[in-house]
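Read the figures in this text as sums done on the coordinates, not as results from a lab. Computed from a predicted structure; not experimentally measured. Please note: Cβ atoms are built from the backbone with ideal geometry, for glycine as well, and neighbour counts cover all protein chains shown.
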Amino acid sequence: MSEGEPHPLPVSGDVRAGGFGRGRKGRRQGVEIRPGTVKQARLDAGLSLGDVASGVVSRTAIYFVETGKAKPSMETLRLIAQRTGRPLDHFLAEPSTIEARSIEQTSEVERLMAGGDNEQAIGVGHATLERAGDPETAAQLKQLLALAHLRLAQLPEGKALAEEAREYFERKGDLLMTAECLGHEASAAYLAEDPAAMPLARRALDLCRSLRPVPKLTESRLLFVVGSVHLTNRDWASGADFYEQALAAGGVVQDMRRLSLIYGGLSLCYSELGQLNQAAHYARRALALQETLHDDINMARSENNLGLLLIKRGELVEAEAHFIRSLSLFERLKLEVGKAHTLLSLCELARARSNLRAAMRFAEEALEVATAQGELATVAEAHTWIGQVVAEDGGEASRVDAEFAAAWGILDGMGAHDRLSRCHAQYAELLEHRGDLVTANHHLRLALANLRPAQTVGAIVHRAEIASA
């Protein structure tokens, strides 16, 4: 899954429930706008003050802007433009200001990204960045470019740009934009299976929630990121909880792409929690949205997720069709990030059909792809699949031992305790079948030692039985 996602609207901390007077540190000066344009745009769009405020700022704040009692920040003006469907320059009285120039230079990048043309946005954005005349514009461009690169699974580029933009916003004291950039960094980290993802995501969410009022669009996006990190860590219950919070936070329906990603995440979590009907419902909703949006990258991941769900339901023929579509999308897009997951799904399918030769081929290819991409958790998973296939095929015990040792060595180094627990439990199950009960009990104890407090012995043994069935 993965992924960076659409950049939600920045909202300045200068807007409080009672108006504009008590700004946070580093807030920007108000923007000069043409009198009457905000109210007329709202009336033309058939919106109330509350519709324009949309829970991000107060209705009073919008009223003050309309009546000329306060100047909006550029972030608030972005909100007004978005809600009324008017371009920013429709409202601006002084397009020569630094912030207006920033908007002028970033608007084309935002437009291309809104249309899903992230490659073109990257080309235009980097060309604009080279001639950016001030650090504010450069930072805004960098955080947009970070998102565009993440959408195309270009993780190193996205991570580097997000870090550079964050450093600027931190120096300026812009907490909201700092949180936005941290969210991009967390997205890059969880897509790369980097344990740093959770601290980054939680820091971003805490910063967002420290603002008053809490910007709901940003909060929703960051809740999605935290949910995705939990999913990557295989904490299914927490993942589902944060995804549901992201839906409840509001503003998601304005962003169909992010909504599709939340549906996909909920499908995976509910599938692992055994709620298969609910999982199938969300999986199909995710795919329908992604097909409408022509979001091929996330379609590749969603096709794989739906196939895994169908395996659980015993519908192997239907599962294979989804895996094939997933793999063909990865290959057509020449996308290597995440491709190993689909290869391991094909391994699982072949193993379910007792075609161990095909299962081994897919597992070894997945290992090669994941290693090249630095996806350490998936490398470890590929080693466990190879070990299980070798064991089922009656291969040498030393090969099985070596594969599992490689897996838990990686997971231990990552600090991935839940995955490490599951790996030891799977190995204990194989040792039990081998008749080595003493060593099996030793690894079961290691599995238990790595459990989170909320987990139980039964849960680990159950997962081991499923993996070895």
(message) Per DSSP helix of 4 or more residues, -39500 (n - 2.57); summed, then divided by the residues of the chain. What does that give at 222 nm, rounded to the nearest 500?
(response) -23500 deg cm²/dmol
(message) To test your reading of the geometry: what angle, between 0 and 90 degrees and rounded to tens, separates the Cα axis of helix 316-333 from the longest principal axis of the chain?
(response) 50 degrees
(message) On C-alpha positions alone, give me the angle between the axis of helix 457-468 and the longest principal axis of the chain, in degrees, nearest 10.
(response) 70 degrees
(request) Within 10 Å of each residue's Cβ, count the other Cβ atoms and sort Tyr263, Tyr63, Tyr427, Tyr243 from fewest upward. (result) Tyr63, Tyr263, Tyr243, Tyr427
(message) Filter Lys39/Lys159; Lys159/Lys312; Lys172/Lys216; Lys216/Lys334; Lys69/Lys142; Lys142/Lys334 down to the pairs with a C-alpha to C-alpha distance above 29 Å, please.
(response) Lys39/Lys159; Lys159/Lys312; Lys216/Lys334; Lys69/Lys142
(request) Using a 10 Å cut-off on Cβ atoms, rank the peptides 210-223, 303-316, 388-401 from the highest mean neighbour count down. (result) 210-223, 303-316, 388-401
(request) May I ask you to list the residues of segment 145-175 whose amide nitrogen lies under 13 Å from a point 7 Å from Cα along the Cα→beta-carbon direction of Leu333? (result) 149-155
(message) Restricting to Cα pairs below 8 Å that are 6+ residues apart, what does the relative contact order work out to for segment 365-412? Please round to a whole percent.
(response) 38 percent
(request) Normalising by the residue count of the chain, find the relative contact order in percent from Cα pairs under 8 Å and 6+ residues apart. (result) 10 percent
(message) If I fit a long axis through the Cα atoms of helix 276-293 and take the longest principal axis of the Cα atoms of the chain, what angle between them do I get, 0 to 90°, rounded to 10?
(response) 50 degrees
(request) For the chain, compute Rh as the Kirkwood radius over C-alpha pairs and then the Stokes-Einstein diffusion coefficient at 37 °C and 0.692 mPa s; write the answer in µm²/s, rounded to an integer. (result) 139 µm²/s
(request) Considering the options Leu141, Ala197, Pro35, tell which one lies farthest towards the positive end of the dipole of the chain, charges being +1 on Lys and Arg and -1 on Asp and Glu at the Cβ, about the Cα centre. (result) Pro35
(request) For segment 37-254, evaluate the Debye formula with one uniform point scatterer on each Cα (no solvent term) and list log10 I(q)/I(0) at q = 0.08 Å⁻¹, rounded to two decimals. (result) -0.29
